[in-house]
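Q: Dropping a structure here in structure tokens format, bear with me for questions.
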Amino acid sequence: MSDAPAVTSPAPVLQPAGAEATRSDWVERLRASSEYVAIPVFAVAVASALFALFLLAVGKSPADFIAYVWRGGFGTAFSFQNTLQRSAPLILTALAVAIPARIGLIMIGGEGALVLGGFAAAALAIPMIGVAPPMLTLILMAIFAMLVGGFWVGLSGFLRYARGVNETISSLLLTYIGIAIMNFFVEGALRDLSNPNKPSTKPLGDAYMVGKIPGTDVHWGFAAGVFLCVLLYLLLERTTFGFAARVTGGNYRAALAQGLPVGKLIVTCSAIAGACAGLAGFFEVAAIQGRANASLAAGYGFTGILVAFLARHNPLVIPPVAILFGGIVASGGLIQRRMDLPDATVLVLQGLIFVVLLTSETLYGRFAFFRPRARRDRT
Amino acid sequence: MSAPEISRRALLKTSTLGLAGAALALGGVGRAFAAKDLTVGVVYVGARDDFGWNQAHAVAIKALKAVPGVKVVEEENVPETDAVSKSMESMINLDGAGLILATSFGYYTPFVVDLAKKYPDVEFRHAAPLWNKDKDPKNAGSYFGYLNQAHYVDGVAAGLSTKSNKLGFVAAKPIASVLSNINSFLLGARSVNPNATVQVIFTGDWSLPVREAEAANALVDAGCDVVTCHVDGPKVVIETAEKRGAKTCGHNASQAPLAPKGFITGAEYKWETIYKGYAADIAAGKLPPNFIAGGYEADFVRNTPFGAGATPEGQKAALAAIEGLKARKPIYVGPLKDNKGKVVIDKTYDNLDPFLDKMDYLLEGVVGSTT
């Protein structure tokens, strides 16, 4: 299994030798992988066309809309940083869906892991503020948030493996339990009584906050998300663990028959997923809110599901998709303000993109253009 | 030599627009606060037509739109996360907003405070009594209406419109502002009907329509013949109670159209008083005040016109209660016990006394628990 990459590369014997061969091999590969760019781009274009019809139907100009999406989401330094900042939690919560998906699980409990992870980080910090140095406190908070998030989604994975419980349902229900646990403590034992109207934990204070990436207005959660995407891509595509996980996702019974440690793989992938969401919770608390409260359950975990599906569960594709989403949301405000459209307009666009992209899945493999020439000749 | 001349000329230009007074008066505070090309950014946590909190603001914001030279940009459904911070920044950077009105409680810390520090030239006003003159930036501020006074009037009208003497209250969270409304509603009812009790059900969150309907049904089942609420959108509670034949009192905005048979009256904010005041300040080139809060005595709250559910005695007593509140007649006349028997209000407090802002109890006569 350690030679896994070799299996996927085309059999070298059939190819012509020399520089010509490497060039055409490269072109063929590019041609094959361009399918994964061309179809989503086409789908987004179709969704935009449908949305343009919708705008015309309500008497608004699609050209204005596009101009405002550009200006509000990408066109100025402020807008683009706004977009990046909004995409930060989505990258992490999308990973929380994408990783289990590779092992064949539809895990949608990122929201719960985010909330509990953030809450755990805040709870851990309370006795440490003013006692431990900020750097140490933040590192421990991040680790604790990841452990708690990992445990929460890992639980769903374990139930799947050991008891056959449907992981989609259990992870969703555990989300509600997670939010309830946070509310229980935030409105009870850990409530900051100096804040009578919004139940929250005690504030961390400025010294104990995660800062911005130097020279930008974007917090470190964005960098952490991108880093994790690369790391987890390598883990899935370039290690025996990743290979075993993908085999299990491809055919569970075959994996069992091969003697792969299926249970361990499932629980580990789920726990990694939960840890990503937990880390997103840590950043919500330590980079943004400065305390844990009901605002942690802002729906990032659910938007992450959308992002992961649009990225076809490929960690490397998650950041661009999350940035696209962040941009649409970031420009949503400007569109409301300038075009006098309700907030739901942006949801209509998101829904259209999602439906058209999912439908476009059926297009893969149907265009001869994208297939490698060698294989085309053979069939 | 040339540099100061340019700025003097710029100042001169401003003064020809009739705004020099403002520019001079403000000096070090920030940029000239000018009605000419002032953009006001408003953020709402929910929909602008929610029959509740956000609608109350959105209706009143029209007072600002009427000021010549003022442009209003609005954004709804902005959650109390980083999103609000980015929305406000977007208004400042892309729309050129000079005044931001943040209308949801959870917007204040850390978002409004941090942005006020980051953009010292922009004025921020937030709809809750949170601004602290010692700690918070000078370009931030608060405005608030003491809605509990209008709930007190609701209680007076309800106390004389009930037959079972049992009043029901659907509440979101057991926090100070909600508890104050429940307690004031009870004291209003008791002021005219000593046998009245208020049964409260907490739903646990600001917008849980299913649970709000369940709670309204449960209260009617328990014998309450008047139901009121403090949730984000009172529509569900009012409609459910109306269907069950119970009378209702509203909250935040007018729900009279939702209950043609049983509507008594409702507690409403009168944000237009505040927004019109801001508009006048802006037109005069002045900064809006950092802190304003009040109830009937300041014309910041009102009651919805009486509906078919209000008895004539109830209407009369309610109108008298309003006159009393305008004259600052206290609601909390001590000593008062909580519903566990402990004295929680030792003496009579003025309606705006900060002591009452820290309320964490239900008074004797309220059936229910904060935990």
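Every read-out reported here was derived from the displayed coordinates using simple, explicitly stated rules and does not represent laboratory data. Keep in mind the model is a prediction, meaning the values are calculated, not measured. Backbone-built Cβ (ideal geometry, glycine too); neighbour counts: all protein chains shown.
Q: Note the angle between two axes, namely the Cα long axis of helix B:176-192 and the longest principal axis of the Cα atoms of chain B, as a number of degrees from 0 to 90, rounded to the nearest 10.
A: Tilt of helix B:176-192: around 50 degrees.
Q: Here's another thing I want to ask about it. Amide H of B:Gly307: which non-local residues (sequence gap of 5 or more, or other chain) have their own amide H closer than 5 Å, using H built in the peptide plane?
A: Residues meeting the criterion, in which the H sits 1.01 Å from N, are B:Ile264, B:Thr265.
Q: Ok, one more. Binning at 20 angstrom from zero up to the longest distance, how are the C-alpha pair distances of the protein assembly as shown distributed in percent?
A: 15, 42, 32, 9, 1, 0
Q: Another question, then. So which residue, out of B:Leu325, B:Leu167, B:Leu336, gets the largest mean-square fluctuation from a GNM of chain B using Cα contacts under 10 Å as springs?
A: Largest GNM mean-square fluctuation: B:Leu336.
Q: Another question, then. What percent does the relative contact order of segment B:31-140 come to when contacts are Cα pairs within less than 8 Å and at least six residues apart?
A: Computed value for segment B:31-140: 28 percent relative contact order.
Q: I'd like to verify something in chain A: which complete DSSP H helices, judged by Cα projection on the helix axis, reach 18 Å or more and average at least -1.0 on the Kyte-Doolittle scale?
A: Answer set is A:19-33, A:35-57, A:77-102, A:110-128, A:134-158, A:167-186, A:220-238, A:262-283, A:318-339, A:344-360.
Q: Evaluated at 37 °C with a viscosity of 0.692 mPa s, what Stokes-Einstein diffusion coefficient in µm²/s does segment A:265-379 have when Rh comes from the Kirkwood expression over alpha-carbon pairs?
A: 189
Q: If chain B were replaced by its equivalent ellipsoid, with semi-axes equal to the square roots of 5 times the Cα gyration tensor eigenvalues, what would those be, largest first, whole Å?
A: 42, 20, 19
Q: Moving to a separate point now. What is the distance, in nm, between label points placed 7 Å from the Cα along the Cα-to-Cβ direction at B:Lys138 and at A:Ser194?
A: 2.4
Q: Could you work out the local net charge near A:Tyr68, counting Lys and Arg as +1, Asp and Glu as -1, over the other residues with Cβ closer than 12 Å to its Cβ?
A: Net charge around A:Tyr68: +1.
Q: Quick check on the protein assembly as shown: helices-only [θ] at 222 nm, where DSSP H runs of length 4 and up contribute -39,500 (n - 2.57) each and the sum goes over total residues. Nearest 500, please.
A: -17000 deg cm²/dmol
Q: Of A:Gly351, A:Gly73, A:Gly150, which is the most mobile in a GNM of chain A whose springs link Cα atoms less than 10 angstrom apart?
A: A:Gly351
Q: Highest mean first, what order results for B:304-311, B:53-60, A:40-47 on Cβ atoms within 10 Å?
A: Those peptides, ordered most packed to least, come out B:53-60, B:304-311, A:40-47.
Q: Moving to a separate point now. List every residue whose amide H lies under 5 Å from the amide H of A:Met107, counting only residues 5 or more places away in sequence or on a different chain, with H placed 1.01 Å from N in the peptide plane.
A: Excluding prolines and chain starts, which carry no amide H, the hits are A:Ala101.
Q: Residues with beta-carbon under 10 Å from that of B:Tyr332, excluding B:Tyr332: net charge, scoring Lys, Arg +1 and Asp, Glu -1?
A: So the surrounding residues net to -1.
Q: Moving to a separate point now. Which angle from 0 to 90°, rounded to the nearest 10, does the C-alpha axis of helix B:82-94 make with the longest principal axis of chain B?
A: 40
Q: Around B:Val227, which amide H atoms from residues at least 5 apart in sequence, or from another chain, sit under 5 Å from its own amide H, with H modelled in the peptide plane?
A: Those lying under 5 Å, H to H, from B:Val227 are B:Gly168, B:Lys247, B:Thr248, B:Cys249.
Q: When you have a sec, figure out the Kirkwood radius of segment B:274-366 from all distinct Cα pair distances and drop it here in Å to one decimal?
A: Taking every pair of different Cα atoms in segment B:274-366, averaging 1/r and inverting gives 16.2 Å.
Q: Continuing with this model, one more query. With the contact rule set at Cα under 8 Å and sequence spacing of 6 or more, what percent relative contact order holds for segment A:231-342?
A: Result for segment A:231-342 is 15 percent.
Q: Give me the compactness ratio for segment A:82-147, meaning the Cα radius of gyration over 2.2 N^0.38 Å.
A: Normalised by 2.2 N^0.38 Å, the Cα Rg of segment A:82-147 equals 1.34.
Q: Something else now. Fewest first, what order do B:Phe291, A:Phe119 take by the number of other Cβ atoms within 10 Å?
A: Neighbour counts put them in this order, fewest first: B:Phe291, A:Phe119.
Q: If I fit a long axis through the Cα atoms of helix B:2-16 and take the longest principal axis of the Cα atoms of chain B, what angle between them do I get, 0 to 90°, rounded to 10?
A: 50
Q: If you build the convex hull over the alpha carbons only and average its shadow over all orientations, what do you get for chain A? Give it in nm² to one decimal.
A: 23.3
Q: Could you please state, rounded to a whole Å, how far the C-alpha centre of segment A:128-188 is from the C-alpha centre of segment A:35-111?
A: Segment A:128-188 and segment A:35-111 have Cα centres separated by 28 Å.
Q: Based only on the alpha carbon positions, what is the Kirkwood hydrodynamic radius of segment B:31-140, in angstrom?
A: 14.0
Q: What is segment A:89-330's relative contact order, in percent, from Cα pairs under 8 angstrom and six or more apart in sequence?
A: In percent, rounded to a whole number, it is 43.
Q: Out of A:Thr303, A:Thr239, A:Thr93, any idea which swings most in a Gaussian network model of chain A, alpha carbons joined below 10 Å?
A: A:Thr239
Q: Say R0 is 45 Å: what FRET efficiency, to the nearest 0.05, do A:Thr216 and B:Thr371 get from their beta-carbon distance?
A: For R0 = 45 Å, the calculated efficiency reads 0.50.
Q: Another question, then. Residues with beta-carbon under 12 Å from that of B:Ala241, excluding B:Ala241: net charge, scoring Lys, Arg +1 and Asp, Glu -1?
A: Value of the local net charge: 0.
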